[in-house]
Amino acid sequence: MNEVSAILDAYAAGVFPMADSRDAPDCYFIEPKKRGIIPLDHFNIPRSLQKFMVDCPYRVTINKDFASVIAQCAEIPRHHESTTWINHQIEGWFNKLHNAGYAHSVEVWHEEDLVGGLYGLAQGGCFNGESMFSHADNASKIALVHLVERLRYRGFTLLDTQFVNDHLKQFGCIEIPQAEYMDLLDDALKLHVSFV
């Protein structure tokens, strides 16, 4: 079994890879007891962001520069830590998944500068959001808004955030038991929808 198939199978089984640091030589797969999701029919755009979007100076692209997005995400430390969970092995896997048509990025640009974005994995009607970054006001938030718009338009039913944090809560992120997540995942994987 090749790496792409193995990673797809892992996500379909409800587990995902993480590393202890950017330079960790390998990674491990985890299955949290609680899972973060953003219900696509209850997505909330904070009022301050709604105001910002009226005269938003950014433009948004899809899959224009996946490699740069994941590289930028890999430089962002985890909350309360000094390093990231995206090591070089995970970065390599996801670049292969992107080349195979499964991993996707949303890029946010200010003029010619990449100022924010996110990436994740799409299988069936599930999008596993992996990470996001921002180097300008609201840039990652704009990426998330565009992601949700695309998922809704394309017929996706599940947006997995893996975990819940305060940043995601403002958009309607909730925590559910892993067993409930697996039921949602099983239904989503039966769908024949496409991110692009």
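Roughly how many whole Å is it from the C-alpha centroid of the range 147-196 to that of the range 29-75? Cα centres, the range 147-196 to the range 29-75: 12 Å. Distances between every pair of Cα atoms in the chain, grouped in 5 Å steps from 0 to the bin holding the largest one, split as 1, 8, 16, 21, 22, 18, 9, 4, 1, 0 percent.
Given a cut-off of 18 Å, name the pairs among Lys141/Lys190; Lys51/Lys141; Lys64/Lys169; Lys96/Lys190 whose C-alpha atoms lie farther apart than that in the structure shown.
On the way: Lys141/Lys190 29 Å; Lys51/Lys141 13 Å; Lys64/Lys169 28 Å; Lys96/Lys190 23 Å.
Lys141/Lys190; Lys64/Lys169; Lys96/Lys190, as the Cα separations exceed 18 Å there.
Using a probe of 1.4 Å, the accessible surface attributed to Ser48 totals some 80 Å² when neighbouring protein chains are kept in position. If R0 equals 22 Å, the separation of the Cβ atoms of His135 and His88 corresponds to a calculated FRET efficiency of about 0.50.
Could you do me a favour and compute the accessible area per residue for the range 59-163, 1.4 Å probe, result in Å²?
Values: 4290 Å² over 105 residues.
Using a 1.4 Å probe on heavy atoms only, each residue of the range 59-163 averages 41 Å².
Please report the carbon-and-sulfur percent of the accessible area for the chain; probe 1.4 Å, protein heavy atoms only, DNA, RNA and ligands left out. That fraction is 50 percent.
For the range 83-196, the dipole from Cβ point charges (+1 on Lys and Arg, -1 on Asp and Glu) about the Cα centre works out to 280 debye, to the nearest 20. For the chain, the relative contact order comes to 29 percent (Cα pairs under 8 Å, sequence separation of at least 6).
So if I place +1 on the C-beta of Lys and Arg and -1 on the C-beta of Asp and Glu, and nothing else carries charge, what would the dipole magnitude of the range 4-118 be about its Cα centre? I want it in debye, nearest 20. Intermediate results must be reported in sequence, preceding the final value.
On the way: 10 positive and 15 negative charges, 97 e Å.
The dipole magnitude comes to about 460 debye.
Summing Lys and Arg as +1 and Asp and Glu as -1 over all other residues whose Cβ lies under 15 Å from the Cβ of Asn44 gives a net charge of +2.
Test of the criteria: in the range 105-163, which chymotrypsin sites (Phe, Trp or Tyr not before Pro) are in a DSSP loop and have at most 14 other Cβ atoms within 10 angstrom of their Cβ?
Details: sites: Trp109, Tyr119, Phe127, Phe133, Tyr153, Phe156, Phe163; in loops: Phe156, Phe163.
Counting only loop positions with at most 14 other Cβ atoms within 10 Å, the chymotrypsin sites (Phe, Trp or Tyr not before Pro) in the range 105-163 are Phe163.
The values are calculated or read from the model by the stated rules, or taken from the named source; none is laboratory data. Remember, predicted model here, so these are calculated numbers, not experimental data. Counting neighbours? That spans all protein chains shown, and the Cβs are built from the backbone with ideal geometry, glycine included. The protein model used for the area step is the full one, side chains on, heavy atoms only, and it has no ligands, DNA or RNA in it. Shrake-Rupley method; radii C 1.70, N 1.55, O 1.52, S 1.80 Å.
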